[in-house]
1. Within the stretch 239-253, take every residue that is part of a loop (DSSP other than H, G, I, E, B) and in contact with a strand residue (DSSP E or B) (Cβ under 7 Å, 6 or more places away or on another chain) and give me the one that is nearest to residue 191 (Cα to Cα).
2. Would you check if residue 236 is at pLDDT below 75, exposed (fewer than 11 other Cβ atoms within 10 Å of the Cβ) and in a loop (DSSP other than H, G, I, E, B)?
3. When both residues are 6+ apart or on different chains and their Cβ atoms are under 6 Å apart, which pairs have a first residue that lies in the stretch 265-278 and is in contact (Cβ under 8 Å) with a residue 24 or more places away in the chain, and a second that is part of a loop (DSSP other than H, G, I, E, B) and surrounded by 14 or more Cβ atoms within 10 Å (Cβ to Cβ)?
4. Of the residues that make up the stretch 71-93, is at least one in contact with a strand residue (DSSP E or B) (Cβ under 8 Å, 6 or more places away or on another chain), crowded, with 17+ Cβ neighbours inside 10 Å, in a loop (DSSP other than H, G, I, E, B) and at pLDDT below 80?
5. Inspect the stretch 145-159 for any residue being surrounded by 14 or more Cβ atoms within 10 Å (Cβ to Cβ) and not in a strand (DSSP E or B) and give the result as yes or no.
6. Please identify the pairs in which a residue from the stretch 192-215 that is on the phi > 0 side of the Ramachandran plot and assigned to a loop (DSSP other than H, G, I, E, B) has its Cβ atom under 9 Å from the Cβ atom of a residue that is surrounded by fewer than 16 Cβ atoms within 10 Å (Cβ to Cβ) and modelled with pLDDT under 95, counting only partners at least 6 apart or on another chain.
7. Within the stretch 123-132, can one find any residue that is outside any loop (DSSP other than H, G, I, E, B), at pLDDT below 90 and surrounded by fewer than 18 Cβ atoms within 10 Å (Cβ to Cβ)?
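The values are calculated or read from the model by the stated rules, or taken from the named source; none is laboratory data. Everything numeric in this text was worked out from a predicted model, so none of it was measured. Heads up, the Cβs are rebuilt from the backbone with ideal geometry, glycines too, and the neighbour counts pull from every protein chain shown.
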């Protein structure tokens, strides 16, 4: 009697889960117990994951972009030693080349700004350069020169070094003797370098390696032309103290026409007397006399 009541009030179908909740697709070939099995559940989850992946791939297929990962360029440290001839006053005082006022630049390690220039251009046709500040090192009493040092981080694909640009951070001009790199490159200067406060243009020095005009590297041609222009001048105006022009002019101040016309002398270096000539100074014209009698 009890068994019949149990079978009547709790049929087997009520004890089993509904097949509609778990079966996906055709239900005629699957029992409700098979649909509830772990194997079918795993298969169902895998199918949903696969469909979701396909959906994402379809929606983003047209938006895929290539990502460029920058590569690290290897660098080589190149050490540089600069030799500067001190003035008599600074050597006696035992201070920096520019004097006590410019000692701040020495303390900060910003005495000179050097920029190495490669013989090769980059992929965009621009000059390849690396910069470094030179710091004051010491005064060599044996040979009476100052030494400055700096380190350059030069990329491996920089190419051969052909020139160096120098900016003098002091308030006075300095006489550079040479610039030597530890990779065998030498710049023989033997020349004054103006202060950046007098002229913002950097001074150009080339390596000791010589080139014929047709063999000059492309990256150095513009620097060669610029350096020649600074030497040639235009024959006009007053010559500045920082200029290196090698411009000829006439000797027309051998006499003193401003004092007396009897003291006037012929002009040498002009059309009448072509030689000797002198370098142009740009002094003002005389207040008396003709063009033959003014002071340059």
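1. The selected residue is 246.
2. The answer is yes for residue 236.
3. 267/250; 267/252; 277/269
4. Looking for residues that are in contact with a strand residue (DSSP E or B) (Cβ under 8 Å, 6 or more places away or on another chain), crowded, with 17+ Cβ neighbours inside 10 Å, in a loop (DSSP other than H, G, I, E, B) and at pLDDT below 80, one finds none in the stretch 71-93, hence no.
5. Yes; the residues of the stretch 145-159 include at least one that is surrounded by 14 or more Cβ atoms within 10 Å (Cβ to Cβ) and not in a strand (DSSP E or B).
6. none
7. No, there is no match, as no residue in the stretch 123-132 is outside any loop (DSSP other than H, G, I, E, B), at pLDDT below 90 and surrounded by fewer than 18 Cβ atoms within 10 Å (Cβ to Cβ).
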